Amino acid sequence: MFLNVPLTLAPLLVYNLVIAGAFGANAGDPWVQPVFTVTMVSDARFTLLLGDVLILGALVCLFVEIVKATRTASPTIVDHALSLAVFVAHLIEFLTVVGAASSVFFILTAIALIDVVGGFTITIRGARRDFGFDRGP
């Protein structure tokens, strides 16, 4: 049952914990805090922000979810339903919570949408292949 929990729930929880101040009080927007800065060979400075790290983590979660969508077992229906619930939670929070009105949260919401659409698409295409449906001549 634990395998059916969508990993895209993790970035949502982390985002909410950070904006709630669970990791300490933040002055201003916590997502623009630099994690580290590196001077490149070209003398340009590359700065990785906290919001960027969260988005990268969410993309890793999306990759795992897409791989999970290739399973053909019956629990995938539960997985898709839970992924849809996570997307709906993202959408409701984006529209109603002041702290969620940011580009980082919008990208997390888009990642959750891609998880839902990608999961359903992969499952349907896999089912068509497994049952041998053909489009015709």
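No lab work stands behind these numbers, since they all come straight from the coordinates. Note that this is a predicted model, so its numbers are computed, not measured.
How much length is gained on full extension from residue 23 to residue 88, taking 0.36 nm per residue of separation minus their Cα-Cα distance? Before the final figure, lay out the partial values.
Details: separation 65, 0.36 × 65 = 23.40 nm, distance 2.57 nm.
Stretched fully, the residue 23-residue 88 segment lengthens by 20.8 nm.
Short version: ³J(HN,Hα) in whole Hz for each residue of region 6-20, in order, from phi by Karplus 6.51 cos²θ - 1.76 cosθ + 1.60 (θ = phi - 60°), x for Gly and Pro, what are they?
x, 5, 5, 6, 4, x, 5, 5, 4, 4, 5, 5, 5, 6, 7
Amide H to amide H, which residues 5 or more places from residue 49 or on other chains are under 5 Å from it, using H placed in the peptide plane?
Amide H neighbours of residue 49: 35.
Could you tell me the relative contact order of region 35-108? Use alpha-carbon pairs under 8 Å, at least six residues apart, and round to a whole percent.
Taking the mean separation of contacting Cα pairs over the length of region 35-108, I get 24 percent.
Give a residue-ordered list of calculated ³J(HN,Hα) values for region 76-82 (Karplus: 6.51 cos²θ - 1.76 cosθ + 1.60, θ = phi - 60°; whole Hz; x for Gly, Pro).
5, 4, 5, 4, 5, 5, 5
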